[in-house]
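Trainee: Take this structure first; my questions come after.
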Amino acid sequence: MYTRKTISKGKKQSDKDAFARKKMNSTPLFEDNRPEALQLRKMQESITSSENPVQFNSNSNAPIQRMPDWLAKLLIQIGEHKLESLALAATAGFAGILLYYYFKGKPTTRAHIEEASNEEEEPDFSTLKGIAEAIGINPQKLLWQLETAPAINPSLSIEKKRKLVTVNDLYQKGFNPGKMAATGVVPPSLLEDLPSDNEDKLEELFRRFNNLDFQYLGSQANGVSGFLSRQGDCATLTLMFKLAAEACGIDDVEIVTDPIPMLVPGAPIHGRNSQRNVYGQACWAFIDHHWCTYKGRNYDLLFMNEGPKDVVHRKTKHEYNGVTYYVFEDERAIIYDEMVDHHLTFALTKGYSGCVFKNNRDAERFIDKYKK
C-alpha cells in the first residue's frame, strides 16, 4: 500500500514536470510534421513575429509589402482554431481555409469587413452642388428654384409645385437642422460681391434680404425650408438670415426672442401687403417676436428695420359671457380668432388673428352684440 501510493505520487509529479517543460520549451513534445500542419505553423509564425504582419513575394528582388488588415485578421482566426484549420487544410488547402473564415468565421470580423465596404461619403449640404448631388437633381434646377421662388408664384401649377425641392428631400439624405448648417440653400445672388468688413457685409446682406420674395403666413419653418419655400413667419426669417450670414462667413449672429404676446403699431412687414392682422385697431398682434442682433445692432427681418417702437405686452386674462379676452399694458383688449370663430357670429377676415378694442368695455359690448 505504501509503495503503491509513493509510485502514484511520483507519476503525478512526473506529469507536472513534463507539462512544465512543454510550456517552457519552444519545441513541443509531440511535433506534427504533416505538410498541412507545417503550412499552418508557417502562417502562424508570419503573423505573430511582429506587430505589422507582412507577406513575402516569391521574387527575391520584389519589395516587401504590408499584409492587408483583413487578411491578417483571417490568419489570426486560423491560428485560434488549430484543429478545425488542420482538417480544412487537408481537404481544401490554404485558399479553402481563407474562404471558410471569410464567409463563416467570427461575425465581428465579417461585420468589420462589410462595414468598411459599405461606408458612404456623407452628403455635402454646404454647397448648392452638394445638395443637388445628394438628392439627385440637376444643380441648375435647384438654382432656378432658389433664385426665382416659384413656390409662391400663383401662376405655377400645383403639379409643378409638387416637383419642387422641399426640406423633406434633405431629411431623407440625413440632414439634421439642429446639427448641420445647409448653407447650400442660400441663393447665390445674396452672397455675390459683398464687402470684406463683416459689419458692412451684414448691412448689405440685410438690404438684399429685405428685397427677397417671401410670403408671411404666420407659421414657423426652419431656415432651409424658408429658402426652399419662401414662406413662414418672423422666426423663419431670422433663421434664414442667420443661415445667410453663416454662408458669407459670419458665425456669431444671434437670434433674440420676445416671448410675451404683444401689440405692435401698424407698419409694412416682409411678405404681406397689409399693415395689420386684426380687426378694429390698426396694429399687429403677435404671440411672440424674433429678430437678429450683431455687435449691438438689431436686424428685424419682419419689419425690415431695427425693430418696431411702442410695443405693448399682454397683461391680464378676462372672461365675459362665456368668451375669454385679454387686456394689454395700454388697456387695449383682444379677442383672439379662435374665440371669435367658436363663440361669436362675427365673420373675421381670413388671416386675421383676432379683434382689438380700445378697452375692455368695448370688447364686452362687442361680445354682447355678436354672441351666438
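The values are calculated or read from the model by the stated rules, or taken from the named source; none is laboratory data. None of the values given here were measured: they were computed from a predicted structure. FYI the Cβ positions are ideal-geometry reconstructions off the backbone, even for glycines, and counts take in every protein chain you see.
Trainee: Among the numbered criteria (1) surrounded by 14 or more Cβ atoms within 10 Å (Cβ to Cβ); (2) farther than 22 Å from Ser219 by Cα; (3) touching a strand residue (DSSP E or B) at 6+ places or on another chain (Cβ under 8 Å); (4) not assigned by TED's automatic domain parsing to the domain that holds Leu237, which single criterion is violated by Tyr320?
Mentor: Failing condition for Tyr320: (3).
Trainee: Also: Tell me yes or no: at least one residue of the range 177-196 is surrounded by fewer than 16 Cβ atoms within 10 Å (Cβ to Cβ), more than 23 Å from the chain's Cα centre (by Cα) and farther than 21 Å from Glu147 by Cβ.
Mentor: yes
Trainee: Here's a follow-up. In the range 333-353, which residues are in contact with a Gly (Cβ under 9 Å, 6 or more places away or on another chain) and either of a type in the set (D, E, K, R) or over 14 Å from Lys372 (Cα atoms) (or both)?
Mentor: Ile334, Ile335, Tyr336, Asp337, Glu338, Leu348, Gly351, Ser353
Trainee: Of the residues that sit in the range 263-283 and are part of a strand (DSSP E or B), hydrophobic (A, V, I, L, M, F, W, C) and free of Cβ contacts under 8 Å to residues at least 60 places away in the same chain, which one is surrounded by the most Cβ atoms within 10 Å (Cβ to Cβ)?
Mentor: Filtering first and then ranking leaves Ile269.
Trainee: Applying the selection to the range 295-310, what residues are over 14 Å from Thr257 (Cα atoms), in contact (Cβ under 8 Å) with a residue 12 or more places away in the chain and part of a loop (DSSP other than H, G, I, E, B)?
Mentor: Answer for the range 295-310, where residues must be over 14 Å from Thr257 (Cα atoms), in contact (Cβ under 8 Å) with a residue 12 or more places away in the chain and part of a loop (DSSP other than H, G, I, E, B): Lys295, Phe303, Met304, Lys309, Asp310.
Trainee: Related question: Pairs only if they're at least six apart or on different chains, beta carbon under 7 angstrom, first in the range 191-210 and among the acidic types (Asp, Glu), second modelled with pLDDT of 95 or more; list them, first residue then second.
Mentor: Listed pairs, sorted by first residue: Glu199/Lys295; Glu204/Leu194; Glu204/Pro195.
Trainee: Suppose we filter the range 335-364 for residues that are outside any loop (DSSP other than H, G, I, E, B), crowded, with 17+ Cβ neighbours inside 10 Å and within 46 Å of the chain's Cα centre (by Cα); how many remain?
Mentor: Qualifying residue count for the region: 11.
Trainee: If a residue has to be without any contact (Cβ under 8 Å) to a residue 60 or more places away in the chain, under 21 Å from Ile260 (Cα atoms) and in a strand (DSSP E or B) to count, how many in the range 315-334 make the cut?
Mentor: Number satisfying all stated conditions: 9.
Trainee: Next up: Out of Ser219, Ser229, Ser225, report the one residue that is in contact with a strand residue (DSSP E or B) (Cβ under 8 Å, 6 or more places away or on another chain), among the polar types (S, T, N, Q) and crowded, with 16+ Cβ neighbours inside 10 Å. Break it down stepwise before answering.
Mentor: On the way: Ser219 fails: crowded, with 16+ Cβ neighbours inside 10 Å; Ser229 fails: in contact with a strand residue (DSSP E or B) (Cβ under 8 Å, 6 or more places away or on another chain).
On inspection, the qualifying residue turns out to be Ser225.
Trainee: Additional query: Checking the conditions here, which among Asp200, Asp169 is under 14 Å from Gly249 (Cβ atoms) and either under 27 Å from the mean Cα position of the chain (by Cα) or not hydrophobic (A, V, I, L, M, F, W, C) (or both)? It would help to see each step written out before you state the result.
Mentor: Values: Asp169 fails: under 14 Å from Gly249 (Cβ atoms).
That would be Asp200, the only listed residue that is under 14 Å from Gly249 (Cβ atoms) and either under 27 Å from the mean Cα position of the chain (by Cα) or not hydrophobic (A, V, I, L, M, F, W, C) (or both).
Trainee: Turning to a different aspect of this structure: Can you pull out every residue in the range 118-161 that is of a type in the set (Ser, Thr, Tyr), surrounded by 10 or more Cβ atoms within 10 Å (Cβ to Cβ) and more than 25 Å from Lys179 (Cα to Cα)?
Mentor: Within the range 118-161, Thr148 is the sole residue that qualifies.
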